[in-house]
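A.B. asks: Input: one structure, supplied below.
All of the numbers you see were taken from the coordinates with simple rules; none came from a lab. Only a predicted model underlies this, so the values are computations on that prediction, with no experimental measurement involved. Every residue, glycine as well, gets a Cβ built from its backbone with ideal geometry; the counts of neighbours run over all protein chains shown.
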């Protein structure tokens, strides 16, 4: 797994010297004797799990924005090409996030406060999941774990390859200038996707026992609602995806792939060449399901999605759907890709977002053998 670590080394400095935050006052805080605790909090999050975490591919920033703390922990990392100001700035954080996305990080772990979360959100939005290690004076955003140790527990669960919910959580920040004048003025700055693990993440919601058929109907309704005009949607084979065609009121090829354009049937039972032809005419997205008990998503029952088709579409245009019951029945075995091209299969490995309900996603590993 490719994980990016970004630290705001000046987060929380204002707390110990009663400045009620650190935005714009880091230098003043240090002059009053404040000492950064960010690296310590990151170590608290990671130190109990080093044997596992060292097995993953890490990206980080130079110096005290990440490289130093990972070196102290014996975690090897690639350093992002980032010129850091002294002291580091919000723009340094945003640029680090941009570089992490360019390097295809699958998870961005960051340490700081609400201001840091704002900077990460301004760049990342909902592109990849994030996990915050709390290190600021104020933590109102629900993208943070409740404690550094809790962040480590979430990170371990994610890297273990189990079924982890992914939900959009709010980034909020208080106007520190107003706060220092005893006026609380909070604002919602956006949402990011955050892995969920029980009590370890702030403001999580708990779900009940799912009824699989109802969940498949909810998944279908959400897929249909999200369909964009003048875009072709390839609806893959299987009973799960059949619910989407039923929701549209369209005939379905149970063991084939159908093309839908503007919520109308464009073509039934497509071949590889049919799909490649559509890719030359329209934006194309595909919805596929998981083969129950086996976990295959590509290469079994949908060979029309060939190596050439998959390369043309790109992972970003492939949506996997499955109920949580189906994923749990895999008993932590990964989803499998078997396209016939080893290089392509290896490039598709990693954590994938699986649509598991109405606007409800889980993070699940995809591998090849």
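A.B. asks: How do 56, 140 line up, fewest other C-beta atoms within 10 Å first? Working shown, then result.
C.D. replies: On the way: 56 16, 140 20.
Ranked by crowding around the Cβ, least crowded first: 56, 140.
A.B. asks: Let me ask something else about it. Per 0.36 nm of contour for each residue apart, how much would the distance between residue 168 and residue 359 grow if the chain were fully extended, relative to their Cα-Cα spacing? Please list the in-between numbers first.
C.D. replies: Values: separation 191, 0.36 × 191 = 68.76 nm, distance 0.93 nm.
Length difference between fully extended and current span is 67.8 nm.
A.B. asks: Let me ask something additional. Sorted by average packing, counted as other Cβ atoms within 10 angstrom per residue and highest first, what order do 332-340, 233-241, 111-119 take?
C.D. replies: Values: 332-340: 17.4, 233-241: 23.3, 111-119: 27.7.
Ranking the peptides 332-340, 233-241, 111-119 by packing returns 111-119, 233-241, 332-340.
A.B. asks: Separate question: What FRET efficiency comes out for the pair residue 346/residue 272, r = Cβ-Cβ distance, R0 = 30 Å, nearest 0.05?
C.D. replies: On the way: r = 22 Å, r/R0 = 0.72.
E between residue 346 and residue 272, to the nearest 0.05, is 0.90.
A.B. asks: Please work out the FRET efficiency for the pair residue 226 and residue 85, using the Cβ-Cβ distance as r and a Förster radius of 45 Å; give the result to the nearest 0.05. Walk me through the numbers on the way to the answer.
C.D. replies: Working: r = 40 Å, r/R0 = 0.90.
That gives a FRET efficiency of 0.65.
A.B. asks: Separate question: Could you state the angle between the C-alpha long axis of helix 239-248 and the longest principal axis of the C-alpha atoms of the chain, as a value from 0 to 90 degrees rounded to the nearest 10?
C.D. replies: Roughly 90 degrees between the two axes.
A.B. asks: Enter the Cα centre distance for the pair segment 306-343 and segment 48-126, rounded to the nearest angstrom.
C.D. replies: For segment 306-343 versus segment 48-126, the Cα centre distance is 28 Å.
A.B. asks: Further, regarding this structure: Using the alpha-carbon atoms, what tilt in degrees (0 to 90, nearest 10) does helix 212-225 show relative to the longest principal axis of the chain?
C.D. replies: The two axes meet at around 80 degrees.
A.B. asks: Test of understanding: ordering 318, 297 by Cβ neighbours within 10 Å, fewest first, what list do you get?
C.D. replies: Values: 318 19, 297 27.
Ranking 318, 297 by Cβ neighbours within 10 Å, fewest first, gives 318, 297.
A.B. asks: Continuing with this model, one more query. Which residue fluctuates the most in the chain, going by a Gaussian network model with Cα springs under 10 Å, if the choices are 242, 71, 105?
C.D. replies: So, out of 242, 71, 105, the one fluctuating most is 71.
A.B. asks: Report the full-extension gain for the segment residue 262 to residue 316: residue separation times 0.36 nm, less the Cα-Cα distance, to one decimal in nm.
C.D. replies: Working: separation 54, 0.36 × 54 = 19.44 nm, distance 2.02 nm.
My answer for the length gained is 17.4 nm.
A.B. asks: Compute the angle between helix 148-159 and the longest alpha-carbon principal axis of the chain, please, reported from 0 to 90 degrees and rounded to the nearest 10.
C.D. replies: For 148-159 against the chain, the angle is about 20 degrees.
A.B. asks: Between 124, 52, 354, find the one with the highest GNM mean-square fluctuation for the chain; connect C-alpha pairs within less than 10 Å.
C.D. replies: Comparing 124, 52, 354 in a Gaussian network model of the chain, the most mobile one is 52.
A.B. asks: Among 361, 282, 189, which comes first, second and so on when ranked by fewest other beta-carbon atoms within 10 Å?
C.D. replies: Values: 361 21, 282 15, 189 18.
In order of increasing Cβ crowding within 10 Å: 282, 189, 361.
A.B. asks: A further question on this structure: Among 211-220, 38-47, how do they line up by average Cβ neighbours within 10 Å per residue, starting with the highest? Each step should come with its number before you reach the end.
C.D. replies: Working: 211-220: 17.7, 38-47: 20.5.
So the peptides 211-220, 38-47, ranked by packing, come out 38-47, 211-220.
A.B. asks: While we're looking at this one, here's another question. Compute the FRET efficiency between residue 78 and residue 126 as 1/(1 + (r/R0)^6), taking r as their Cβ-Cβ distance and R0 = 25 Å, and round to the nearest 0.05. Walk me through the intermediate numbers first.
C.D. replies: Working: r = 25 Å, r/R0 = 0.98.
The formula returns an efficiency of 0.55 here.
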